[in-house]
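Take a look at the structure below.
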There are 2 protein chains.
Amino acid sequence: MARPRQSEATRQRLLDEGVTAFLEHGYHGTGLKAVLDEVNVPKGSFYNYFESKEDFAAAAIRHYADCFADSMQQAMDSSPDPLSGLRSFFKTLMADFEAAGYVGGCLIANLGGELEGSDTCRRALATAFRGWRDSVTDALRQGQELGQVRTDIEAGDLADLLTEAWEGAVIRMKIDRSLAPLHRVLDRLLGDYFQA
Amino acid sequence: MARPRQSEATRQRLLDEGVTAFLEHGYHGTGLKAVLDEVNVPKGSFYNYFESKEDFAAAAIRHYADCFADSMQQAMDSSPDPLSGLRSFFKTLMADFEAAGYVGGCLIANLGGELEGSDTCRRALATAFRGWRDSVTDALRQGQELGQVRTDIEAGDLADLLTEAWEGAVIRMKIDRSLAPLHRVLDRLLGDYFQA
DNA sequence: GATAACAAGACGACCGGTCGTATATATCAG
DNA sequence: CTGATATATACGACCGGTCGTCTTGTTATC
């Protein structure tokens, strides 16, 4: 053929930095130059990796969703039961939020609030949210089978409520600069409403 | 002393249009020129009304919160009891969302996800959210006194959960272009968990 | 040499913000 | 009262800078 790609790693570095930047400044608030400078990729090279900023953002959303799923899977694998796995996962998220000084939050919620024009990104966000919701559903269903979680409400319904309430609490966490909303929503739902 | 303001109404029109624009395109996605053109205010006049774009956004947030509070008060006043007032309020919100084609959503959530740099706006958002949460608290407390709402959980705690879950559901509504998440969260919380 | 990835910098549009000036009113001297 | 003056507002041209994108040429591999 011809000159081979320098490396797939460059694309990954761009995506990593893209997730960080989009998290912190949103879509329109993020300039490609800032991302490119951060990972030392020349501006002229950007379009060798992505078709457009919109395409880049959609790829970043998918990348974020993949990392999110991995992180949750890891928490589930290293916990004795699904419910404590879920709590452990949320705990690591909270630790990350605190460490980051409450900036960032959840990419899905941040971009979801901002991206009206792009159907590409909207679809990526929908897939990402749905994937996470389904993972939570699985965990809750296992909790139901083990008698940890009430069975009179379908696991999917519980997962919808938990994930959506969590997203809302993350928004409020950012606004109030406090983890309290996150603790509250977990205590109220996992610790009370969802109990068998 | 000097030439009188063309009218306070101009400022209001700017704020109305600002709320619309920020709702649809976010903070960084909204250009002042677009807002100004929409209400036929020259560029140079903008800074007679607001110190900066940031100041404008904070004012828009407060304006939005005021309209929100009025709308809720109206729903409460024209309902026989606080719980159905709450439901009526959410119903009008949903009708607005549907009419707008699921663009927009909630200004507090949209800007909350995006505005990391501005403490001014963050504080305005915190005040706005808190105000709404307190209104919901009042309604739920009245519901408790009337025996409509369970009393073993404090009204404030219920309001926190309801408002945050609602915000998360609005995010998901925008992503999925469907009112279903909103209906679900109301049925699950108001229709079940909150029941006396 | 053929081919394809990489990169430099140009491009025009647009950004938030500023400037000088025109305009209209309030004040006050007479 | 009249009319000069001070002053806050209205206004649009314009500022430097940044935006996402594209054209063009270079470089490395076959």
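The values are calculated or read from the model by the stated rules, or taken from the named source; none is laboratory data. Computed from a predicted model, the values in this text were never measured in an experiment. Please note: Cβ atoms are built from the backbone with ideal geometry, for glycine as well, and neighbour counts cover all protein chains shown. Side chains are part of the model used for accessible areas, which takes the heavy atoms of the whole protein and leaves out ligands, DNA and RNA. Shrake-Rupley method; radii C 1.70, N 1.55, O 1.52, S 1.80 Å.
Remarks
- The lone criterion from (1) assigned to a loop (DSSP other than H, G, I, E, B); (2) within 9 Å of DNA strand D (Cβ to nearest atom); (3) open to solvent by 80 Å² or more (accessible area, probe 1.4 Å) left unmet by A:ARG5 is number (2).
- Options B:ARG133, B:ARG177: the member that is at negative phi and either open to solvent by less than 10 Å² (accessible area, probe 1.4 Å) or in contact (Cβ under 8 Å) with a residue 12 or more places away in the chain (or both): B:ARG133
- Every residue from region B:17-27 that is open to solvent by less than 60 Å² (accessible area, probe 1.4 Å) and in a helix (DSSP H, G or I): B:GLU17, B:GLY18, B:VAL19, B:ALA21, B:PHE22, B:LEU23
- Residue match in region A:161-177 (condition: within 19 Å of the chain's Cα centre (by Cα), assigned to a helix (DSSP H, G or I), away from chain B (no Cβ under 13 Å) and not hydroxyl-bearing (Ser, Thr, Tyr)): no
- Close pairs from region A:28-42: first assigned to a helix (DSSP H, G or I), partner of a type in the set (A, V, I, L, M, F, W, C) and open to solvent by less than 80 Å² (accessible area, probe 1.4 Å), Cβ under 8 Å, at least 6 apart: A:LEU32/A:PHE46; A:LEU32/A:PHE56; A:ALA34/A:ALA21; A:VAL35/A:LEU14; A:VAL35/A:ALA21; A:LEU36/A:LEU14; A:LEU36/A:PHE46; A:GLU38/A:ALA21
- All positions within region A:79-121 that are open to solvent by 40 Å² or more (accessible area, probe 1.4 Å) and farther than 24 Å from A:HIS183 by Cα: A:GLY117, A:ASP119, A:THR120
- Among the residues of region A:143-157, those that are surrounded by 14 or more Cβ atoms within 10 Å (Cβ to Cβ) and within 14 Å of chain B (Cβ to nearest Cβ) comprise A:ARG150, A:ILE153, A:ALA155, A:GLY156, A:ASP157.
- In region A:29-57, the qualifying residues are those that are under 17 Å from A:ALA124 (Cα atoms) and either of a type in the set (S, T, N, Q) or within 14 Å of DNA strand C (Cβ to nearest atom) (or both), and the one that is most open to solvent (accessible area, probe 1.4 Å) is A:GLU51.
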